[in-house]
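Let me begin by presenting the structure, written as C-alpha cells, before commenting on it.
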Amino acid sequence: EEKAKAQQKRADGQEGGGQLSMADPLTAELLNLVEFATASKTFVTKEVNGELVETAGADLRDQFELRSLKELYRQYLVEAFSGAKPEQNQKLLANMGKVSLLLGLNGAEVRLVNNEIGSLIYRQFISKALPKGPLTEQDRNFLGTIKDALGMEQTKCDELVRDQELTRVSVLVEQMFEKDQVLAEDVRAMRDAVDIFDVDLMEDLQVSTFKLERLFIAELEDLITTGALKAD
C-alpha cells in the first residue's frame, strides 16, 4: 500500500525524481516483528533429519497473499545490501532467516528470492569492475561474501561471472560497429579483453564472418598506414 501511494505521488508530481524507496520503514517494521517474536518465544529449535533447525511456532503465510510475502522479503534483502549504514545492514542480514520464517516462506521460495537478489548484485558489481580489467582478489572476496550470505551455489555464481565476461567483450564489439568506422585501436582493446577473459568470438559470441573480416581489415590497414607492415 505504501509503495502504491508513493508511486501515485510521483505520478502527480508531488515528489521529486530518483528511485522509489519504501524499504526503510518496511525493514524497521520487520525487525520489530522479529524482536516481538523473539520476546514471545515464537522461535523454536527442532531436530529435523538429525539436524537442529530453527522454526517459527507462528507465521504470516495464511494471513497475506504469497506474492506480498515474497515482495516483503525481497525488499528486506534489497535494503540489507543497499543501505547506507553498514551496522544496520549487518543487523538486517543477521535476521534474514528469522524474517523468512515469520513470513512463512519455505526453503524453495527463499532460495528463489535469494538467487534473484544475489544475481542482481553480481551483475551490477561485475559490470562495473570488468572495464578496469579482470576481477581482483578483493572483488572475488566481496562476491564470496554475497554468495555465502544468500546461500547461492558456486556453479550459479561462476555462470554469472562468465556471462558478464562474455557481455563485456560483446559490448566492445558492438560499440565498434555503432561508430562511423571501425578503428584499429578499438579492435586491439577488444582483443586484449578477449585474451583476458578467454573468449572465442565465433564459438562464444557467434560474431559473424563479415564483422570478423572487418575487424581484421581495420588492423591490417593500420599496419600499412603506420609503416609497421612493409613490402618485404
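The values are calculated or read from the model by the stated rules, or taken from the named source; none is laboratory data. Quick caveat, the model's predicted, so the values are computed rather than measured. Here Cβ is always computed from backbone atoms with ideal geometry, including for glycine, and neighbour counts include all displayed protein chains. Each accessible area value is taken on the protein alone, full model and side chains, heavy atoms only, with ligands, DNA and RNA left out. Shrake-Rupley method; radii C 1.70, N 1.55, O 1.52, S 1.80 Å.
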About the Cα centre, charge dipole magnitude for the stretch 144-232 (Lys/Arg +1, Asp/Glu -1 at Cβ), debye: 120 debye
Can you tell me which lysines have their Cα less than 16 Å from the Cα of LYS147? Leave out same-chain residues fewer than eight positions away. LYS156
Relative to the first principal axis of the alpha-carbon coordinates of the chain, what is the inclination of helix 23-39, with its axis defined by its Cα atoms, in degrees from 0 to 90 and to the nearest 10? 40 degrees
I'd like the orientation of helix 66-82 relative to the chain: the angle between its Cα long axis and the longest Cα principal axis, in ° from 0 to 90, rounded to 10. 60 degrees
Name the long-range amide H neighbours of LEU229: under 5 Å, sequence gap of 5 or more, or other chain; modelled H, no Pro or chain starts. ILE224
Using DSSP to call loops (not H, G, I, E or B), can you name the trypsin sites (Lys or Arg not before Pro) in the stretch 106-148 whose Cβ has at most 11 other Cβ atoms within 10 angstrom? none
Cα-centred dipole magnitude for the chain, charges only on beta-carbon of K, R (+1) and D, E (-1), debye, nearest 20: 820 debye
Can you show me the helix-derived [θ] at 222 nm for the chain, built from DSSP H runs with n ≥ 4 at -39,500 (n - 2.57) apiece and divided by the number of residues, rounded to the nearest 500. -22000 deg cm²/dmol
Taking every pair of alpha-carbon atoms in the stretch 134-194, what share in percent sits in each 5 Å bin, from 0 to the bin with the longest distance? 4, 16, 21, 17, 13, 11, 10, 7, 3, 0
Rough spin-label spacing in nm, given labels placed 7 Å along Cα→Cβ, for PHE36 and ALA4: 2.2 nm
Please determine, in degrees from 0 to 90 and to the nearest 10, the orientation of helix 209-226 with respect to the longest principal axis defined by the Cα atoms of the chain, where the helix direction is its Cα long axis. 50 degrees
I'd like the distance separating the alpha-carbon centroids of the stretch 85-110 and the stretch 133-209, in whole Å. 32 Å
Using the basic label-point model (7 angstrom from Cα toward the beta carbon), what is the THR167 to GLU219 distance in nanometres? 2.6 nm
May I ask for the longest run of the chain untouched by GluC sites (Glu not before Pro) that are loop-located per DSSP and have at most 15 neighbouring C-beta atoms (other than their own) within 10 Å? 66-152
Projected onto the charge dipole of the chain (unit charges on the beta-carbon of Lys, Arg, Asp and Glu, signs +1, +1, -1, -1), the Cα from GLN138, ALA39, LEU26 with the largest positive-side position is that of ALA39
Any trypsin sites (Lys or Arg not before Pro) in the stretch 150-220 that lie in a DSSP loop and have at most 12 other Cβ atoms within 10 Å would be LYS179
Out of residues 5 or more away from ALA56 or on other chains, whose amide H comes under 5 Å of its own, with H placed 1.01 Å from N in the peptide plane? VAL44
Taking all protein chains in place and a 1.4 Å probe, what share, in percent, of the accessible surface of the chain do carbon and sulfur account for? 50 percent
Suppose all protein chains stay in the model; what accessible area per residue would a 1.4 Å probe give for the chain, in Å²? 65 Å²
